[in-house]
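To start, the structure under review is shown below, and the notes come after it.
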Amino acid sequence: MRKRFYITTPIYYVNAAPHIGHAYTSIAADVLARWKRLDGYDVFFLTGTDEHGQKVAKAARDEGLEPQAFVDRVSAEFRAMAARMNISNDDFIRTTEPRHYAACSELWRRLVANGHIYLGHYEGWYAVRDEAFYGEDELVIGPDGTKLAPSGAPVEWVREPSYFFRLSAWQNKLLEFYENNPDFIAPPSRRNEVLSFVRSGLSDLSISRTSFRWGVPVPGDADHVMYVWLDALTNYITAAGFPNENSERWAFWPADVHIVGKEIVRFHAVYWPAFLMAAGIAPPKRVFGHGWWTVEGQKMSKSLGNVIDPCALADTYGVDPVRYFLLREVPFGNDGDFSYRSLVNRLNQELANDLGNLAQRSLMLVARECGGQRPEASGLTADDLSLKNAAYALPEILRDKLDRQALHEALDEIWKVIRAANIYIDRQAPWVLRKTDPRRMATVLRVLLDSLRVIATVLQPFMPASMARMLDQLGVPQDLRNNASLAVDLPSGVALPAPSAVFPRFVEKAT
Ligand code: ME8
């Protein structure tokens, strides 16, 4: 049986259109999902939209729309963004779907049955923008003297009947869980934040609201809707078939990794495992909290008008260069700053020059000097072997990097080989050998083609469409475009298609 791998993105709030931050998380998760498929795993990759709660209800009201009509529209925009960015999700969950109501209701009933929920009264601060409750001691004072959430979101005083989850009872069990699963929270800085938050003591969590209706009704008490985070987190098991634990999908649970932004690590690494353990369900294996993008040094915001639409970006620069740039520019886990100049530099230098040109030069020589057929190598030199071996070592190296979600390190390793190949082609100078030693020229070109085949194979998760084109030009059959098939040598003497540039240079249009 093939090994399984379950990976998720957060489900995005449908209060506004998708931006580059959402695309970033989805692209990162997509690369990891595609990598696992390439490596022979049976993958379940989930994304979707978070459609309940006050924030979304307010956004609908602001547009004068019924919540359902509004969320249908914005959810479709997120689905379109995923398609445009070439996200290979296997499912797209919406929290307004009947299957999700069923899962939330069952989870709630199990928590009640196990004695983890009680009815009480909530009185305290709430930030609609974060959909989060805050203690007085967590608040900060804003520039105009008002109290704000630590995120800078405005807070309001809430007073209403509420069901509570006995989170306080989970403090020690959570600490034990983190201790026994040292890789549960990554990167380590986020793990430390969570540990100190939990060590400082946990209060019971309000998990229902009565002051608005836009949510999943609490079973047996129609006055309450579930707290949007309990509802939202449950999406990960809904899509895995819960509560039908006999469904094929359920074999994927527990999830291997939830990819999230750093600001929602607490929900995923504290509340979520506590809910699950309390309901007798296994917690996920890992939560990775990546950093935040700013744009040309500033926080992205509607009011600043600097929100970047990933689809527009893809229209100008191409989907693959955008995917590459986002994962190459910033170590995964760190904050980063988006700049057009850096995007264009990387596209022109690393994609068009380093990789595109290497492929183009090699394939043009094959087209011109080898009758357009894959050449045959004869007698490999130490230089040939050193390049080939470096290329063939990539899958093993990347496996380790990508199991730790070190996407930038994976790209770095691939580019080391690309740079080595550029040095190799210049040193071997096959365009000179064509006169002096055609057999040697054939060998050099074959070494380059074989190395490019490995490079294009392992780069497929990052830049699927461009690498498919490169593998077409290299004449690699569809069924051999995976890691295991790299062991299969390709026959020489086979005609290759006419080469064409995979990454054209980006030239700024004169205005
Ligand atoms: O929090 N930089 O949804 P959300 C990097 N519905 N990533 C960013 C980003 C930025 N500037 N802005 C957003 C929610 N993101 C909840 C999640 S999950 C059960 C419920 C990404 O629409 C990042 O992944 O506010 C962040 O965690 C997510 O979008 C927040 O999306």
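The values are calculated or read from the model by the stated rules, or taken from the named source; none is laboratory data. Remember, it's a predicted structure, so these values are computed and weren't measured experimentally. Glycine gets a Cβ as well: all are built from the backbone with ideal geometry, and neighbour counts include every protein chain shown. Side chains are part of the model used for accessible areas, which takes the heavy atoms of the whole protein and leaves out ligands, DNA and RNA. Shrake-Rupley method; radii C 1.70, N 1.55, O 1.52, S 1.80 Å.
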The percentage of the accessible area of the stretch 341-487 (probe 1.4 Å, all protein chains present) made up of carbon and sulfur atoms, to the nearest whole number, is 50
Mean 1/r over distinct Cα pairs of the chain, inverted to a Kirkwood Rh in Å, yields 25.0
Order by accessible surface, 1.4 Å probe, largest leading, for residues D479, D130, D335 comes to D479, D335, D130
Taking a probe of 1.4 Å and leaving out DNA, RNA and ligands, the stretch 123-162 shows per residue an accessible area in Å² of 53
Note on the chain: contact order normalised by length, alpha-carbon pairs under 8 Å, 6 or more apart, percent, works out to 15
The rounded separation in angstrom of the Cα centers of the stretch 1-70 and the stretch 144-161 is 27
Rounded to a whole %, the carbon-and-sulfur portion of the accessible area of the stretch 202-243 at a 1.4 Å probe is 52
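How much of the DSSP bridge set in the chain is antiparallel, in percent, rounded to the nearest 5?
Numbers: 25 of 49 bridges.
Close to 50 percent.
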Excluding residues fewer than 8 positions from K302 in its own chain, the lysines with Cα under 29 Å of it are K55, K58, K147, K262, K509
Between A429 and Q373, the FRET efficiency computed from the C-beta separation at R0 = 22 Å comes out, to the nearest 0.05, as 0.55
Given unit charges at Cβ for Lys, Arg (+) and Asp, Glu (-), the dipole magnitude of the chain about its Cα centre in debye, nearest 20, is 1380
Straight-line reach check, K388, cutoff 27 Å on alpha carbons, 8 or more apart in-chain or any other chain, hits among lysines -> K36, K401, K416, K435
For Y6, the residues 5 or more places away or on another chain with a placed amide H closer than 5 Å to its own amide H are F44, D256, V257
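Relative contact order of the stretch 341-487, please, whole-number percent, based on alpha carbon pairs below 8 angstrom and at least 6 residues apart. Each step should come with its number before you reach the end.
Details: 117 pairs, mean separation 43.3, N = 147.
Once divided by the residue count of the stretch 341-487, the mean separation gives 29 percent.
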Quick calc of log₁₀ I(q)/I(0), the stretch 341-487, Debye, one scatterer on every Cα, no solvent, q values 0.18 1/Å, result -1.08
Expressed in square angstrom to the nearest 10, the accessible area of S105 with a 1.4 Å probe stands at 20
Taking the stretch 127-241, the equivalent ellipsoid from its C-alpha gyration tensor has semi-axes in Å, biggest first, of 25, 23, 14
Probe 1.4 Å, heavy atoms of protein chains only: per residue, the accessible area of the stretch 341-487 in Å² is 39
In the chain, whole DSSP H helices that both stretch 20 Å or further along their axis by alpha carbon positions and average at least -0.5 on the Kyte-Doolittle scale are 20-38, 67-84, 98-113, 407-428, 438-459
Residues whose built amide H sits under 5 Å from the amide H of Y122, excluding neighbours closer than 5 in sequence, are E160, S162
Counting sequence-distant residues (5 or more places) and residues on other chains, those with an amide H built under 5 Å from that of V307 are S301
